[in-house]
Amino acid sequence: MSQTKNRLYKILGIFVVLVIGSFVLYTYGANIPLINKIPIFAGDHEHEYRPVFTEEGEIDYWTCAMHPSVRLKEPGQCPICGMETTPVWKNNSQTEPMAQAKMEEKDSTQNEEDMAGMQGHDHSSMGVRQKPGSDQEAKSTFSVNPERQQLIGITTEPVMMRTLDKDIRTVGMVEIDETNIEHIHTKIEGWIDKVFVDYTWQYVRKGDPLFSIYSPELVSTQEEYLLALRSKDLLAKSDFPEISQGANSLMRATRRRLELWDISENQIRDLERTGKVKDSVILYSPISGNVIEKNAFENKFVDPNTTVYTIADHSRVWVQVDIYENEISMIKLGQEAKMTLASFPGEVFEGEVKFINPHLNSETRTVKVRLEFPNPDLKLLPEMYADISLEIPIGEKLSIPTSAVLRTGKQDVVFVDKGNGIFEIRRVQLGLKTGSYYDVLRGLKSGEQVVSRANFLIDSESKIQAAIATWGEDESDQESTQKLEFQLEQKIDNDSETQQPQLHNH
């Protein structure tokens with residue numbers, strides 16, 4: 001009897017020890033080495049991240065409507081403001097309409113031709129989910145709920161055909177038209193007798209007297225001409241035609257010599273009328289303009305090599321401008337140019353392109369272009385600085401706003417709004433930038449909506465969702481992902497607080 005009781009006591013003792021040991025292991029097993037390696041005794045097992053399924057589908061994460069940077073794996077309160085968190089659903093939600101999936105599949109097929117041959121976008125390597133069969137198209141999608149869109153201020157604009165005009169702006173300097181410069185020389189040797197235009201920059205009109213010159217050769221030619229006239233009158237009635245014709249030939253040759261020496265028709269007629277030889281002859285201005293060089297002085301000896309005056313006509317001026325080599329292909333002869341000057345605020349002068357230099361300046365990487373402007377009232381003075389505008393019509397082009405483009409250096413990216421909170425990262429090929437629009441060469445089609453405001457926040461959103469998608473892999477990947485998430489969350493939180501300061505006063 002005693003042996004039976006002893007055996008029973010032993011069994012009860014062992015059972016008690018096992019119960020107590022199990023309780024201790026379950027309670028303190030997370031702190032005991034080796035034991036805490038067993039999953040059931042792990043201290044953080046109850047916080048393990050698992051997809052949550054409800055009647056509405058799979059929850060991606062929990063966030064605060066006032067602080068979008070907050071992302072929790074479980075429901076609770078916002079650690080910043082204490083508000084209840086709201087769920088964010090994954091793209092593969094069971095409530096997402098089948099029609100939307102079919103539409104996205106259709107868009108994927110239609111865009112395949114537009115994106116053929118183009119390499120993938122960098123976001124794809126960060127874990128953003130891609131649609132089946134879109135590896136070559138390199139398209140990635142992510143979701144942003146409507147509340148979040150309104151919070152970060154997302155706006156979209158359509159991809160459409162627009163009439164584009166390229167406005168090239170540059171500066172230049174007013175110059176004298178080289179084709180309207182006249183150098184005054186004498187065609188005979190002699191001495192200047194009298195000067196009528198006696199200072200530089202004096203304005204003269206065509207036909208005004210410049211100076212008078214005494215030339216022995218000119219005096220002798222006048223005498224020969226008068227003798228030829230008298231011989232012509234005496235021999236006109238000769239019975240020998242040869243003698244009469246010789247007198248006429250001598251008279252015409254002498255007159256021609258006077259004309260070649262720039263003796264005017266009125267001066268020759270005056271010589272014929274008076275019959276008196278003049279010791280000095282006046283030379284007149286051949287053009288209207290300003291004297292920019294003067295070498296005429298009384299009693300100075302001059303010959304055909306002497307530049308006595310240089311006169312420039314300012315009724316038409318040039319403006320030399322520099323055009324960068326990436327814009328020179330748009331410049332054509334005859335294009336309209338507009339000019340404004342600080343001396344005449346509010347007044348616009350119109351001219352045109354007259355010459356394009358065939359050589360590029362290797363230092364400035366620019367090409368000289370010459371513009372021509374009429375100057376009838378002589379307002380435009382040489383050496384004036386001028387602001388030049390060349391408006392070049394490009395025509396109807398498929399275009400998007402410049403604010404919609406994220407330029408990474410190697411590629412250009414836009415965010416396409418697919419509807420129902422779905423956004424697509426898409427690589428595009430851009431052409432010419434005209435004002436606030438880019439010409440789209442490949443990657444988009446008319447009618448699509450692109451994000452034109454807050455795209456940097458959308459970019460951060462896509463990267464964060466890409467990082468979240470990598471949770472649950474190995475520890476090293478999870479650590480790097482969480483580090484990226486923390487950096488991007490700080491950026492979005494700062495930007496949101498800057499844009500919506502009034503929301504924190506609740």
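The values are calculated or read from the model by the stated rules, or taken from the named source; none is laboratory data. Just so it is clear, the model here is predicted, and its values are computed rather than measured. No Cβ is skipped: glycine too gets one built from the backbone with ideal geometry, and neighbour counts run over all protein chains shown. All accessible areas refer to the heavy atoms of the entire protein, side chains included, with ligands and DNA or RNA removed. Shrake-Rupley method; radii C 1.70, N 1.55, O 1.52, S 1.80 Å.
Enumerate the strands (runs of 3 or more DSSP E) found wholly within the stretch 265-340, keeping only those where 3 or more residues are under 24 Å from Asn357 (Cβ atoms).
316-324, 336-340
Select, from Gly334, Gly289, the only residue that is at positive phi and surrounded by 12 or more Cβ atoms within 10 Å (Cβ to Cβ).
It is Gly289.
For the stretch 149-161, name all the residues that are open to solvent by 30 Å² or more (accessible area, probe 1.4 Å) and either without any contact (Cβ under 8 Å) to a residue 12 or more places away in the chain or not β-branched (Val, Ile, Thr) (or both).
Scanning the stretch 149-161 gives Gln149, Gln150, Glu157, Pro158, Met160, Met161.
If you check Lys206 against the conditions, is it modelled with pLDDT of 85 or more, open to solvent by 80 Å² or more (accessible area, probe 1.4 Å) and in a strand (DSSP E or B)?
It is false that Lys206 is modelled with pLDDT of 85 or more, open to solvent by 80 Å² or more (accessible area, probe 1.4 Å) and in a strand (DSSP E or B).
So which of Ser403, Ser480 ends up being outside any strand (DSSP E or B), at pLDDT below 55 and either more than 25 Å from Leu72 (Cβ to Cβ) or not β-branched (Val, Ile, Thr) (or both)?
When all the criteria are applied, what remains is Ser480.
Taking Gly133 and the conditions (1) modelled with pLDDT under 90; (2) over 30 Å from Leu381 (Cα atoms); (3) surrounded by 13 or more Cβ atoms within 10 Å (Cβ to Cβ), which numbered condition does it fall short on, given that it satisfies the others?
All conditions are met except number (3).
Does Ile268 satisfy the condition of being at pLDDT 85 or above, over 13 Å from Trp191 (Cβ atoms), within 60 Å of the chain's Cα centre (by Cα) and not basic (Lys, Arg)?
no
Here is a yes/no grid of residues against (1) crowded, with 20+ Cβ neighbours inside 10 Å; (2) touching a helix residue (DSSP H, G or I) at 6+ places or on another chain (Cβ under 9 Å); (3) of a type in the set (Phe, Trp, Tyr); (4) assigned to a loop (DSSP other than H, G, I, E, B):
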position	(1), (2), (3), (4)
Thr141	yes, yes, no, no
Thr163	no, no, no, no
Lys166	no, yes, no, no
Thr170	no, no, no, no
Met173	no, no, no, no
Lys187	no, yes, no, yes
Ile192	yes, no, no, no
Tyr199	no, no, yes, yes
Phe211	yes, no, yes, no
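Does the stretch 54-107 hold any residues that are polar (S, T, N, Q), modelled with pLDDT of 75 or more and crowded, with 18+ Cβ neighbours inside 10 Å, and which are they?
If the condition is that a residue be polar (S, T, N, Q), modelled with pLDDT of 75 or more and crowded, with 18+ Cβ neighbours inside 10 Å, then Thr63, Ser69, Thr85 are the ones that fit.
Which ones in the stretch 420-434 are among the β-branched types (Val, Ile, Thr) and either under 17 Å from Pro146 (Cβ atoms) or under 16 Å from the mean Cα position of the chain (by Cα) (or both)?
Result: Ile422, Thr434.
Can you tell me which residue within the stretch 407-431, out of those that are on the phi < 0 side of the Ramachandran plot and of a type in the set (S, T, N, Q), is surrounded by the fewest Cβ atoms within 10 Å (Cβ to Cβ)?
Here the answer is Thr408.
Give all pairs with beta carbons closer than 7 Å in which a residue from the stretch 78-96 that is over 8 Å from Cys64 (Cβ atoms) meets a residue that is part of a loop (DSSP other than H, G, I, E, B) and modelled with pLDDT of 80 or more; count only pairs at least 6 apart in sequence or on separate chains.
Final answer for the pair search is Pro79/Val70.
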